[in-house]
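Before any comments, here is the structure.
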Amino acid sequence: MPFVDIVLLGRSGCGKGTQAGRLAERFGLAVVSPGERFRQLAATPSLTGEKVKAIIDAGGLPPDWIAAHLWLEELIEKIMPDRGLIFDGTPRRLEEAKLIDEILAWYERTNVRVFLLDISRNEARRRLLGRRICTGCNAVARSIYDEADAAACITCGGTLISRPDDTPEAIEKRLDWFDVDVMPIIHYYETQGRLTRVSGERPIEEVSDELIREVARYAA
């Protein structure tokens, strides 16, 4: 069965993780998500972990060599000849985008499509300020602004808390680096005719349905 490799881009809060999980399940894709590995590294009692944690909590972007190490390691572990990949949260810099292209070309994988979950800076800010994480199952809850009862996780009943890096100052920094570092990546893919924009300012199901239809076109 033909497969497609996918790069999923978007501002923080656009729903990349949710949609990556849905696409992975629908099309049997392996998820490459360095963001989760960054958080795991930040939780380790090591010098690197402490430095990465300080950067993440402040809303900064860890050095590109650490990012490349984490997603390269994950990519090498997960790449298979008959299974597609979905990159969630990377590339974050233009050099990473070009490196992904180089690596996939080496594996003779040329069916690569890029999707931008497009939300405004104001909408991203609103979502991130209202985002909550479950202390029980670690699930990301919907924004408190969208839920009538946000006191407990609807999955396990656990307590909901804000992520340490969802302070107003850290959020603004993340939104800034998207404009500075990720916008050139969007231009890079767009000029190659590989980018599809999908409005992320809609209900999750609507966004998911459109992404599934678009991906199905390239996986056929």
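The values are calculated or read from the model by the stated rules, or taken from the named source; none is laboratory data. Keep in mind the model is a prediction, meaning the values are calculated, not measured. Counting neighbours? That spans all protein chains shown, and the Cβs are built from the backbone with ideal geometry, glycine included. Quick note on the areas: whole protein, heavy atoms, side chains included, nothing else; ligands and nucleic acids left out. Shrake-Rupley method; radii C 1.70, N 1.55, O 1.52, S 1.80 Å.
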The stretch 149-194 shape via C-alpha gyration tensor axes, a/c threshold 1.5: oblate
Over the chain, relative contact order from alpha-carbon pairs under 8 Å, at least 6 apart, %: 31
Distance in nm between pseudo-label sites at residue 163 and residue 199 (7 Å out along the Cβ direction from Cα): 2.6
Normalised convex hull volume, the stretch 33-124, alpha-carbon set, Å³ per residue: 116
Cβ charges +1 (Lys, Arg) and -1 (Asp, Glu), total dipole of the chain, debye: 180
Net +/- balance of residues flanking residue 65 in space, Cβ distance below 12 Å, scoring K and R +1, D and E -1: -2
Where the stretch 79-220 is the region considered: accessible area per residue in Å², 1.4 Å probe: 53
Calculated from backbone phi, Karplus (6.51, -1.76, 1.60) coupling profile of the stretch 48-60 in Hz, x at Gly/Pro: 5, x, 5, 5, 5, 4, 4, 5, 5, 4, 8, x, x
Karplus-derived HN-Hα couplings along the stretch 87-100 (A = 6.51, B = -1.76, C = 1.60, θ = phi - 60°), whole Hz, x at Gly and Pro: 8, 10, x, 8, x, 10, 9, 4, 4, 5, 4, 5, 5, 4
Solvent-accessible ranking of 79, 119, 154, largest area first, probe 1.4 Å: 154, 79, 119
Gain in span if fully extended, residue 156 to residue 77, counting 0.36 nm per residue against the direct Cα distance: 25.4 nm
